[in-house]
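Each remark here refers to the structure printed beneath this line.
Only the coordinates and a few stated rules stand behind these numbers; no lab work does. Being a predicted model, the structure only gives us computed values, none of them experimental. As a convention, Cβ positions derive from the backbone with ideal geometry for all residues, glycine included, and neighbour counts pool all protein chains shown.
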Amino acid sequence: TGEIKRFLRDDGMIKVSRTLKETAGKVKITREILNNKLGREPTIDEIACELQIETEDIVMALESNAEVESLYKTIYQ
Amino acid sequence: MSETNEITLEFDSKSKNESFARMVVAAFVSSLDPTIEEIADIKTAVSEAVTNCIIHGYENEEGKITLKCKLDKNKLFIEIMDKGKGIENIKQAMEPLYTSKPELERSGMGFAFMEAFMDKLEVLSTPGAGTTILMEKEIQSAASKS
Amino acid sequence: MSETNEITLEFDSKSKNESFARMVVAAFVSSLDPTIEEIADIKTAVSEAVTNCIIHGYENEEGKITLKCKLDKNKLFIEIMDKGKGIENIKQAMEPLYTSKPELERSGMGFAFMEAFMDKLEVLSTPGAGTTILMEKEIQSAASKS
Ligand SMILES: Nc1ncnc2c1ncn2[C@@H]1O[C@H](COP(=O)(O)OP(=O)(O)O)[C@@H](O)[C@H]1O
Ligand SMILES: Nc1ncnc2c1ncn2[C@@H]1O[C@H](COP(=O)(O)OP(=O)(O)O)[C@@H](O)[C@H]1O
Ligand SMILES: [Mg+2]
Ligand SMILES: [Mg+2]
């Protein structure tokens, strides 16, 4: 059965938390770029499409970031 | 197939489950293709409600928290319930800056945030029996977002 | 606080909830900081089990699927249950390449994947009453990974 696994993927021992942080960084930049281009907040599917990744990974990556961002905006704007 | 979708989640009253509950709601609503801001708003509201169950409802003792989410077209309904100590005076509890635990450096802004970030907030509580929070938020479709 | 953590999720038997269930399990184990491979394995197993509930258990009719996850130290236990039509011959069903729905271009590899990607797989089923899948996987601790 190990054979099937190796055949299907070879991601080794990289931690999910690390790639999620990388994804979070890319999402942040892409969100800004699309915001400027569209003149509105992009949706997560639009960001996923631009980055060519799964929407699922964006949802997970959002949690690895500071999620209180929206709070700050409201208090300090 | 109908346009509604419904989930019920039961989890332990542990602070690490606050982040988990937040992710579950984010995952659930992601099928409506929201913006990151909409997700952040919803997560903040869920965090505040779940934290209240843990800190105030169960006062850090063991207990179960129930989270229900429902989507009806592009409207999200969230219900967060504990069977903890309940709230004596709901009106007072909902006042911005009011906290019954100033010694924990609570801000007293939990309910204010839930109200600010969601379209609707309702608090039901029976002292000694528990508390249920009902929230609603409409997700704008991508088409109407521009 | 005890070292175990447990959640129960009930959701509608709809294909879009396959992705949702996968995210929920991924979120649940994230506190153990698994590797990409471990998460991919778990997600695949969950997808296969949930898809089976939707396609075979309920045959695309409405129904409820229950997902239970438990962490005991670094061991993950997953239970996925439907109250659908059940399996007459479990041994046959678990054989690689066997499918009762070749017309849907099913690969018949669902159970084989669950077995390959998880440490343990158990299938309980009663024809007419439903099916329960039990799976276990140990997440290597961060320390033992170097
Ligand atoms: N689930 C709950 N169970 C019992 N009491 C609650 C619950 N949620 C809120 N309360 C009460 O309402 C008050 C205000 O809540 P909140 O606005 O979130 O402020 P804070 O949590 O900072 O005290 C709390 O201090 C507490 O007395
Ligand atoms: N939850 C379930 N309820 C009823 N039958 C099931 C269920 N899960 C699996 N089966 C039966 O076991 C067979 C093998 O399943 P699987 O290995 O996933 O292959 P596939 O889904 O491609 O048919 C299915 O074709 C079906 O007959
Ligand atoms: Mg609070
Ligand atoms: Mg299958």
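Here are the numbers:
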| item | result |
| --- | --- |
| Whole-angstrom Cα spans of segment C:1-62 along principal axes, big to small | 40, 27, 15 |
| Cleavage-rule hits, GluC sites (Glu not before Pro), segment B:75-112, DSSP coil, Cβ neighbours within 10 Å at most 16 | B:Glu88, B:Glu105 |
| All Cα pairs of chain B, percent lying beyond 25 Å | 25 percent |
| 7 Å along Cα→Cβ, label-point gaps from B:Asn60 to other copies, nm, shortest first | 5.3 |
| With Cα atoms, 0 to 90° folded angle of helix C:16-29 axis to chain C main axis | 30 degrees |
| Angle in degrees between helix B:36-52 and the longest Cα principal axis of chain B, rounded to the nearest 10 | 20 degrees |
| Peptide C:27-39, shielding by other chains (average Cβ, 10 Å cutoff) | 6 |
| Hz values of 3J(HN,Hα) by residue in segment C:66-82 - Karplus curve (6.51, -1.76, 1.60), Gly and Pro given as x | 10, 10, 10, 10, 9, 10, 10, 6, 10, 10, 9, 10, 10, 10, 10, 10, 10 |
| Scattering curve values for the protein assembly as shown, log₁₀ I(q)/I(0), Debye with Cα scatterers, q = 0.07, 0.08, 0.11 Å⁻¹ | -0.33, -0.43, -0.81 |
| DSSP beta bridge pairing in the protein assembly as shown, given as percent antiparallel to the nearest 5 | 100 percent |
| Neighbour-count order for C:Val24, B:Val50, fewest beta carbons within 10 angstrom listed first | C:Val24, B:Val50 |
| Per-copy distances of the C:Glu3 label point, shortest first, in nm (7 angstrom along Cα→Cβ) | 5.0 |
| Too-long pairs where the Cα-Cα distance tops 27 Å, listed order kept, from B:Lys120/C:Lys70; B:Lys85/C:Lys64; B:Lys64/C:Lys75; B:Lys64/C:Lys83; B:Lys137/C:Lys75 | B:Lys120/C:Lys70; B:Lys85/C:Lys64; B:Lys137/C:Lys75 |
| Label geometry 7 Å along the beta-carbon vector: C:Gly128 inter-copy distances in nm | 4.7 |
